1. Ordered by residue, what ³J(HN,Hα) values in Hz, to whole numbers, does segment 73-80 give under the Karplus form 6.51 cos²θ - 1.76 cosθ + 1.60, where θ = phi - 60° and Gly and Pro are x?
2. FRET efficiency for T137 and D19, Cβ-Cβ distance as r, R0 = 30 Å, nearest 0.05?
3. Would you kindly work out the equivalent ellipsoid of segment 1-136 from its C-alpha gyration tensor and give its semi-axes, the square roots of five times the eigenvalues, largest first in whole Å?
4. Looking only at G62, G16, G72, which one moves most when the chain is put into a Gaussian network model with springs between Cα atoms under 10 Å?
5. Within segment 106-170, list the GluC sites (Glu not before Pro) lying in a DSSP loop whose Cβ has at most 13 other Cβ atoms in a 10 Å radius.
6. Restricting to the chain, what percent of DSSP beta bridges are antiparallel, rounded to 5?
7. Let's test the formula: R0 of 41 Å, r as the Cβ-Cβ distance of R151 and L57. What FRET efficiency results, to the nearest 0.05?
8. How much length, in nm to one decimal, is gained on full extension between R75 and R96, taken as 0.36 nm per residue of separation minus their Cα-Cα distance?
Amino acid sequence: MVMQAPFYTAAGEAQGQVDLPEIIFGGVGSRRVLQEVIIVLQGNQRRGTSSTLTRGLVSGGGRKPWKQKGTGNARSGSNRSPLWRKGGIIFGPLPRSYRIDVPASKKLLALQTALVEKAKASEIGIIDSVEFKEGKTKQVAAWTKKNGSGRGLMLIVDKKDPALLRAARNVAGLCIADAGEVNAWTLLAAKKVLFTKSALDALVARFPKG
């Protein structure tokens, strides 16, 4: 069964349903791969700058606090010991990279799965084109209110237009992405996804035929 999505004119008027590309929406995808890829994408956003001082990085500790025997105290060799107040940290976090590389085939499978799930939930729409010649935020805000479902509208275009980005940067709840950079994580985070016709064609080109 061919999946369908509502089609809108550039003005936002509904014009019935259109068939979605079989190469993307004809499969079922893999939720397991989708989960794996999203976890990786989220982990890759971590900066990994957490840092603590181990006993080798704490200042001081150049001499033994007291002699080994005869004081009644437990023996101690340095005030940099983790057992001491202001001493080093045992196994504390240090700067590191959380980045994990994922094969492009898995990323595409996760993206396909996310698209299929969005289509099943009736959260995908196709719009003929988007053009704001004046580049005014007021125009984009009015368009978003008409076409969006509150906050969480993602508009996917084939190529980002600087005028459109400038007009949309202060519109709350609107995310603009091009077909070449959209991924499963950002797609699922949106409540409603609108593709321009040219963006959908560009997205189809990302998937190998056969």
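1. With the stated coefficients, segment 73-80 comes to 7, 5, 5, 8, x, 7, 7, 8 Hz.
2. On the way: r = 35 Å, r/R0 = 1.15.
Once rounded, the FRET efficiency stands at 0.30.
3. Gyration-tensor ellipsoid for segment 1-136: 62, 19, 11 Å.
4. Highest fluctuation of the listed residues: G72.
5. Numbers: sites: E117, E123, E131, E134; in loops: E123, E131, E134.
Sites meeting the loop and neighbour criteria: E131, E134.
6. On the way: 4 of 19 bridges.
Taking every DSSP beta bridge with both residues in the chain, the antiparallel ones total about 20 percent.
7. With a Förster radius of 41 Å, E is 0.35.
8. On the way: separation 21, 0.36 × 21 = 7.56 nm, distance 3.50 nm.
Going from the current span to full extension adds 4.1 nm.
Taken together, the values in this text are just the output of simple stated rules run on the coordinates, not laboratory data. Here the structure is a predicted model, which means the values were calculated and not measured. A quick note on method: Cβ atoms are made from the backbone with ideal geometry, for glycine too, and the neighbour counts reach across all protein chains shown.
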